[in-house]
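Asker: Take this structure first; my questions come after.
The values are calculated or read from the model by the stated rules, or taken from the named source; none is laboratory data. None of the values given here were measured: they were computed from a predicted structure. Cβ sites come from the backbone with ideal geometry, for glycine too, and all protein chains shown count toward neighbours.
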Amino acid sequence: MKAFFHPDQHRHDPRQFMRLGVISDPKDLPVRTELLLAALQRHGAAPDLPPDCGTEPILAVHEEAYLAFLGSAHARWRALPGAGPEVLPNLSPYWSGRPDRDGRPPCRAASVVGQAGYYLGDLAVPIGEHTATSALASARTAVAAADAVNTGERLAYALCRPSGHHARADRASGFCYLNNAAIAAERLRRRFGRVAVLDVDTHHGDGTQEIFYRRADVLTLSLHGDPTNYYPFHTGYADETGSGEGRGCNRNIPLPPGTQDAAFLAALDELAGTVGAFGAEALVLALGYDGHREDPLATLALSTAAFRAIGARIHAMALPTAVVQEGGYGLDVIGDCLAEFLAGADPAG
């Protein structure tokens with residue numbers, strides 16, 4: 001198994017996010033990468049440094065104006081009188097969200113305050129001094145894993161931080177700035193005709209769904225906590241199946257709060273069958289550990305051992321697979337979750 005990580009991913013160090021109306025301590029801490037790197041080391045996988053692939057693979061998924069905003073926002077924000085240490089929006093323009101219409105045009109406002117309201121979807125994506133650097137390194141890590149699969153690796157792991165599956169083509173949300181799973185899937189399309197993205201993070205992969213919702217060449221599947229009362233609330237329902245050419249190429253299985261291993265794995269088996277029926281030639285696994293029962297953001301109740309079973313099912317699918325790291329904020333368990341996953345997905349080591 002090949003693994004990839006860039007030390008610049010440590011540099012994103014958020015100070016705050018909004019939860020239940022309270023500015024709270026951040027959950028996406030740099031120490032997460034250290035714990036996951038230690039788990040890789042225990043598995044005998046020393047991660048390679050991803051090469052600088054430029055912005056072309058990122059712009060295959062994200063809008064150029066959004067990427068420019070992400071790179072310039074913090075310096076412009078700090079130049080404002082009285083500005084806080086991180087960019088946070090204080091407005092959000094209305095958009096209908098209709099899946100049959102094209103994406104939004106670039107933001108017409110020149111002010112960084114106006115642009116923050118346009119490009120940041122919630123108060124969980126503060127932009128600090130090094131956020132853009134880390135997000136770009138994270139995306140390039142995903143590209144490197146996809147390229148390894150494109151050149152013959154059976155399994156490649158991208159230790160991505162910040163995570164990505166809530167990022168839309170032109171909007172950051174939910175700790176996510178660039179959609180690493182979508183970038184990896186688009187990169188795999190350079191070799192493979194049909195690609196599946198399977199998301200097992202406890203939150204719905206709403207950004208990934210939006211990016212591919214009208215396409216028939218990429219199947220998007222998400223297994224997650226029921227969004228009726230859980231982030232991201234507005235997407236992730238079972239009746240969201242794709243639009244236009246992509247109708248039937250999106251599937252969500254929302255699970256009730258407290259779902260344990262057996263029910264989760266049964267639903268995962270069902271989605272594995274969907275991947276087979278689609279005829280996928282390669283797979284992106286968006287892997288989160290925040291479904292663990294000890295995760296501070298969890299609504300599911302998975303055990304550590306469940307992640308070995310998830311890995312074993314990925315191994316059994318026998319598809320060339322790029323694993324893209326998503327969430328997981330229980331610092332006492334995420335290293336063990338990755339170790340268990342690798343034991344199932346890469347049993348030969």
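Asker: When you look at Gly258, is it crowded, with 18+ Cβ neighbours inside 10 Å and either part of a strand (DSSP E or B) or of a type in the set (Gly, Ala, Ser) (or both), yes or no?
Answerer: Judged against the criteria, Gly258 is not a match.
Asker: Are any residues in region 272-294 within 28 Å of Val143 (Cα to Cα) and either crowded, with 21+ Cβ neighbours inside 10 Å or among the basic types (Lys, Arg) (or both), and if so, which ones?
Answerer: Ala280, Ala282, Leu283, Val284, Leu285, Ala286, Leu287, Gly288, Tyr289, Asp290, Gly291, His292
Asker: Here's another thing I want to ask about it. Which residue, of Leu59, Leu49, Leu91, is aliphatic (A, V, I, L, M), under 30 Å from Pro320 (Cα atoms) and touching a helix residue (DSSP H, G or I) at 6+ places or on another chain (Cβ under 7 Å)?
Answerer: Leu59
Asker: Okay, next question. Would you be able to say whether some residue in region 47-65 is in contact with a Phe, Trp or Tyr (Cβ under 9 Å, 6 or more places away or on another chain), at pLDDT below 95 and in a loop (DSSP other than H, G, I, E, B)?
Answerer: Checked region 47-65: no residue is in contact with a Phe, Trp or Tyr (Cβ under 9 Å, 6 or more places away or on another chain), at pLDDT below 95 and in a loop (DSSP other than H, G, I, E, B).
Asker: To continue, here is another question. Of the residues Glu245, Glu281, Glu270, Glu240, which single one is within 29 Å of Phe4 (Cβ to Cβ) and not polar (S, T, N, Q)?
Answerer: Glu281
Asker: Working carefully through the options Tyr213, Tyr231, Tyr177, Tyr237, find the one that is within 29 Å of Ala73 (Cα to Cα) and at pLDDT below 95.
Answerer: Tyr231
Asker: Right, next: Of everything in region 169-194 that's in contact (Cβ under 8 Å) with a residue 60 or more places away in the chain and part of a strand (DSSP E or B), which residue is surrounded by the fewest Cβ atoms within 10 Å (Cβ to Cβ)?
Answerer: For region 169-194, the residue satisfying everything is Arg171.
Asker: Now for a different question. Would region 105-112 turn up any residue that is modelled with pLDDT under 95, basic (Lys, Arg) and surrounded by fewer than 19 Cβ atoms within 10 Å (Cβ to Cβ)?
Answerer: yes
Asker: List the number of the failed condition for Ala216; all other conditions in (1) out of contact with any Lys or Arg (no Cβ under 8 Å at 6 or more places or on another chain); (2) buried (at least 24 other Cβ atoms within 10 Å of the Cβ) hold.
Answerer: Evaluating Ala216 over (1) out of contact with any Lys or Arg (no Cβ under 8 Å at 6 or more places or on another chain); (2) buried (at least 24 other Cβ atoms within 10 Å of the Cβ) leaves (2) as the failure.
Asker: Only one of Leu297, Leu285, Leu268 is touching a residue at least 24 places away in the same chain (Cβ under 8 Å), within 27 Å of Ala145 (Cα to Cα), hydrophobic (A, V, I, L, M, F, W, C) and not in a helix (DSSP H, G or I); which?
Answerer: Leu285
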